[in-house]
Amino acid sequence: MWRILIFSVLTALVCQSKGHSVSQTGSEKASPPNIVFILADDLGWNDVSYHGSRVKTPNIDSLSKTGVRLENYYVQQVCTPSRAALMSGRYPIHTGLQHEVIYAGQRSGLPLSVKTLANQLKERGYDTHGVGKWHLGFFEESYLPTKRGFDSWTGYMTGNEDYYTHVNCESLGCGYDFYANSTLDMSDNTTYSTLRYTRRAKDIIMGHQTDGPQSKPLFLYLPFQAVHSPLQVPEEYIEPYKRSSLSPQRQKFAGMASCLDEAIGNITSYLKSKNMWENTILIFSTDNGGETNAGGNNWPLRGKKWTLWEGGVRGVSFIHSPLFNSTTVGTTHRSLMHISDWYPTILEGILSHTLPSNLSLDGVNMWSSLLTGSVGPRTELLHTIDPLASHPGVALYNDTFPTNTTAAIRVGDWKLLTGYPGVDKIFPPVNYYSDYFNYRVSNWHWKTLNKIARIKGDEANYFHLMHDNEYHDLQDRHMQGVLYENDFPEIYQLTASGEVKNVWLFNITEDPEELIDRSDDFPEIVKQLLDRLAEYNLTAIPPNFPSPDPAGSPANNGGAWKPWVNTGVVSTLINHVNSAIVRTKSFFGQLILWE
């Protein structure tokens, strides 16, 4: 059976005596671990119990508490870009998937030139299986997951659908979307999808060959549909919340999250019963911030899904394994990390495989940092550059990145946002009217006043977030324990000169809620980060975001969402063009940087 050599520096940290024994010299070999990657959909910062939520997630809490919780971890602001970053190890600007999502009927997808994480693991002897949501293109068969490295796939190709009927309605109409590998599967349209996916995961695990010369390690990718809208879940999961102070919408959402949490617990039980758990690494991540319009919440972070504020891009994530040494178990990782980092972390870190430089990865191998708690190698991350988003106001400078183009970047403690970052509201917990959250929220308000006074040196600076009468009204209602949704500050959208504001600067380390814009205080930092955005922009390829193709309508494809373009014709052209653009921009970008 294929084996890998574990670097001795990691061996002492990862391997326990009851597991695969590896000597300090690294002279013995260990079986490659099984890798289970669970990707939740639209799970927000305040949607897990260990962040103070009223949503019950005991399995997530337990696994993260006895693993490594990632508290400075970032994803993209919406579904497709995050999945592309995970599967490619690249920022979305380098795959052409930086604008919104792939809508059903678009001739778009993760470029075929990209070797996916599943491709890489399959080449290294893994059985590779996917269960859930793909959302990386299906207009040609060559974009389907079973053509991108997965031995099997059970689930759907588009962005959302009914949890029971598997029907998705978009601009080109309504169509059925559920696949077994590359074939439509219409055998079951009554089982709730989270339960159906769990059943499929069980079948994969229990059927996996673990002994003999043909045995292989398992890569199980589980991008669940939950907790994306529509708000649907069996009544039994809502019942525990019906006597709570949660709003009706939040009750349904909480039931969906509890069902997902139960599924995670069941999957770990299946791995244990198959005697696979002791050699398994489980990774959990959300794909973007919570959607506040559909029950999700990111309190106390600003913004939501679709936005570049922290509530849209700071993600819930953890890693757990029985292979971890006691010094790793129960730790919190606070170094900067991005979803694209899992690609090299798994391949270079966990499997000790050296990746070729021509992959042009943006992801960074974080394995040693995760294990030891040491400061990680990532010092900056590009949230996005989206030239197709709205262009408010006028550019601040003429010789660098235009501030009226929507983008965001993090370098060290500093985060710069330009253009239109999205809805800038801080959304309170949707059950803000309860006594518990009135206490929690009012405390937050007063901590905020103290923070602003400390950072800006004057409590009166809080008045840029509210008028005098609002401030005194808040004081009165704070004493009475009564708070309202509109008590939560938003960022003004006009500059002092009356122009539409299009640049913000925050010290995220001391101000994760993005309350205090420092762009006027540190113009030199603004300029430095704009220059860095300009450098990234030189390497970006144009967004692949065509109008939906009427030929892809379910009306023309037997009532289903399925591939409708002859394989190879369109994708070959797209990949040639994109590759040429990347090579050209990279070459000229280096010339400019060398000057």
Kirkwood Rh and Cα Rg combined as Rg over Rh, evaluated for the range 166-207 = 1.05
ask   = How long are the semi-axes of the ellipsoid equivalent to the range 171-287, from square roots of 5 times the Cα gyration tensor eigenvalues, in whole Å, largest first?
value = 30, 21, 12
task = Pairs to check: K252/K304; K202/K272; K202/K252; K133/K562; K415/K501; K115/K202. Give those whose C-alpha atoms are more than 21 Å from each other in this structure.
result = K202/K252; K115/K202
ask   = To the nearest 10 square angstrom, how much accessible area does E235 have with a 1.4 angstrom probe?
value = 100
note = From highest to lowest solvent-accessible area (probe 1.4 Å; ligands, DNA and RNA excluded), I525, I385 read I525, I385
remark   = Residues whose built amide H sits under 5 Å from the amide H of T406, excluding neighbours closer than 5 in sequence, are D386, A389, Y420
note = For the range 253-355, the Cα convex hull volume per residue in Å³ comes to 137
remark   = dims of the range 57-112, Cα set, principal axes, largest to smallest, nearest Å -> 43, 22, 19
ask   = In whole Hz, what ³J(HN,Hα) sequence does the range 288-303 give by Karplus (6.51, -1.76, 1.60; θ = phi - 60°), x for Gly and Pro?
value = 5, x, x, 8, 5, 6, 10, x, x, 7, 10, 3, x, 7, 6, x
Largest to smallest accessible area among E236, E310, E524 [probe 1.4 Å] = E236, E524, E310
ask   = Which is farthest toward the positive dipole end of the range 490-564 among G558, T539, P523, measuring Cα position about the Cα centre, with Cβ charges +1 (Lys, Arg) and -1 (Asp, Glu)?
value = G558
ask   = What full-extension length gain, to one decimal in nm, is calculated for T327 and N556 as 0.36 nm per residue of separation minus the Cα-Cα distance?
value = 76.7 nm
remark   = Of K304, K115, ordered by accessible area with the largest first and a 1.4 Å probe, the sequence is K115, K304
Diffusion constant of the range 35-86 at 20 °C, which comes from Stokes-Einstein with the Kirkwood Cα-pair radius and 1.002 mPa s, µm²/s = 172
message = As an exercise, use a Förster radius of 30 Å and the Cβ-Cβ distance of S374 and L195 to find the FRET efficiency, rounded to the nearest 0.05.
response = 0.15
key: Residue list for the range 110-141, given a label point 7 angstrom along the Cα-to-Cβ vector of Q209 and an amide N cut-off under 18 Å   = 122-129
key: Vicinal HN-Hα couplings computed from phi for the range 371-385 (Karplus, 6.51 cos²θ - 1.76 cosθ + 1.60; Hz; Gly/Pro x)   = 6, 9, x, 6, 4, x, x, 7, 10, 8, 8, 8, 5, 4, 9
inquiry  = Can you compute 3J(HN,Hα) from phi for each residue in the range 91-100, using the Karplus curve 6.51 cos²θ - 1.76 cosθ + 1.60 with θ = phi - 60°, rounded to whole Hz and x for Gly and Pro?
reply    = 5, x, 5, 9, 10, x, 10, 8, 10, 6
note = Under 5 Å from the placed amide H of A560, counting only residues 5+ away or on other chains, we find Y176
ask   = Check Y179: other-chain or 5+ apart residues with amide H under 5 Å from its amide H, H built from backbone geometry?
value = G155, Y156, D185
key: Two-site FRET efficiency, A180 against D531, from Cβ-Cβ distance with R₀ of 51 Å, rounded to 0.05   = 0.55
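The values are calculated or read from the model by the stated rules, or taken from the named source; none is laboratory data. Worth saying up front: this structure is predicted, and the values here are computed from it rather than measured. With ideal geometry, Cβ positions are generated from the backbone for all residues, glycine too; neighbour counts draw on all protein chains shown. Quick note on the areas: whole protein, heavy atoms, side chains included, nothing else; ligands and nucleic acids left out. Shrake-Rupley method; radii C 1.70, N 1.55, O 1.52, S 1.80 Å.
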